[in-house]
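Reviewing the structure listed below.
The values are calculated or read from the model by the stated rules, or taken from the named source; none is laboratory data. Since we're looking at a predicted model, the values are computed, not measured. Virtual Cβ from ideal backbone geometry, glycine too; neighbours counted across all protein chains shown.
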């Protein structure tokens, strides 16, 4: 019997939605006195641990790693996950959260350029239109338009760095996929490398204390629902989607976050935010056609 896989666009969209609810867990862990980098390290440690158990039980062959391919996971784990989070959290400290988020969502543009250079993916009118719609939709969703908050040059550089780092997962993930690694294996080695790097840079003492408290369920939720599952889905989607299209479709994340803010925290949706949501959804609709 032929194995049926879910459509790549559906996998990536679901991944974006699950990434969009990350605020629920991050806010709770912040209330538990964990720093931003503590949360990054905890996220990577929990994700790597969960994936190792699952692979050891159900697909031990996926744990095989060829030394010549280690660079792929140094790319996804350090150049993407650790570098992206470092740049993003640094940008957040230098500018508004909305401005940092918009700069992070330059990722599809970086992916489009890198995918052209690395894989020969074509610049199509549909891709460019989708990129423009989703980016300006993100600008409206995050509320940057009309903001009086000044932008620092260093903050802009860190924000653009976060977009580059965010986009690099797609590029290195495609390389790893081409070398025969499954979505679970890529996700596991990504977060194993990220956990080791983040722990060396940040330490684990506060994480260990938090894991023994009421914060543990939030750590587990962050690692499982907003890390393991979406990264598995996103990486699975890369099997059938081009890197640039997958990156655009994942832009459903800020829309999800905006809706979550309304439902969970009583935040209001301004007309510009609503217009941004519509733009992102239209852009995703345009980007979902083809590969």
Only one of 257, 224, 195 that is crowded, with 23+ Cβ neighbours inside 10 Å and under 21 Å from the mean Cα position of the chain (by Cα):
195
Selection from the stretch 22-53 of residues in contact with a helix residue (DSSP H, G or I) (Cβ under 6 Å, 6 or more places away or on another chain) and outside any helix (DSSP H, G or I) yields 32, 34
Just one of 227, 240, 235 is touching a residue at least 60 places away in the same chain (Cβ under 8 Å), under 29 Å from residue 68 (Cβ atoms) and part of a loop (DSSP other than H, G, I, E, B); which is it?
240
Residue list for the stretch 9-21, restricted to those being in contact with a helix residue (DSSP H, G or I) (Cβ under 7 Å, 6 or more places away or on another chain), in a helix (DSSP H, G or I), at pLDDT 85 or above and farther than 15 Å from residue 81 by Cβ
9, 11, 12, 13, 14, 16, 17, 18
Since residue 185 meets every condition but one in (1) within 24 Å of residue 41 (Cβ to Cβ); (2) surrounded by fewer than 19 Cβ atoms within 10 Å (Cβ to Cβ); (3) touching a residue at least 40 places away in the same chain (Cβ under 8 Å), which condition does it not meet?
(2)
The stretch 198-220: number of residues that are exposed (fewer than 12 other Cβ atoms within 10 Å of the Cβ) and without any contact (Cβ under 8 Å) to a residue 60 or more places away in the chain
5
Take residue 159 and tell me if it is within 25 Å of residue 246 (Cβ to Cβ) and either surrounded by 18 or more Cβ atoms within 10 Å (Cβ to Cβ) or within 21 Å of the chain's Cα centre (by Cα) (or both).
yes
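Condition (residue is over 19 Å from the mean Cα position of the chain (by Cα), surrounded by fewer than 24 Cβ atoms within 10 Å (Cβ to Cβ), in a helix (DSSP H, G or I) and in contact (Cβ under 8 Å) with a residue 12 or more places away in the chain) applied to the stretch 260-268: is it met by at least one residue?
Restricting attention to the stretch 260-268, the residues satisfying the condition of being over 19 Å from the mean Cα position of the chain (by Cα) are 262-268.
Next, from what is left, pick out any that are surrounded by fewer than 24 Cβ atoms within 10 Å (Cβ to Cβ): 262-268.
Restricting the remaining residues to those that are in a helix (DSSP H, G or I) gives 262-265.
Checking the rest, the ones that are also in contact (Cβ under 8 Å) with a residue 12 or more places away in the chain come to 264.
Checking the stretch 260-268: at least one residue is over 19 Å from the mean Cα position of the chain (by Cα), surrounded by fewer than 24 Cβ atoms within 10 Å (Cβ to Cβ), in a helix (DSSP H, G or I) and in contact (Cβ under 8 Å) with a residue 12 or more places away in the chain.
For residue 192, are the conditions met, namely being assigned to a helix (DSSP H, G or I), modelled with pLDDT of 90 or more and closer than 24 Å to residue 178 by Cβ?
Yes: the conditions hold for residue 192.
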Take residue 184 and tell me if it is on the phi < 0 side of the Ramachandran plot and out of contact with any helix residue (DSSP H, G or I) (no Cβ under 8 Å at 6 or more places or on another chain).
no
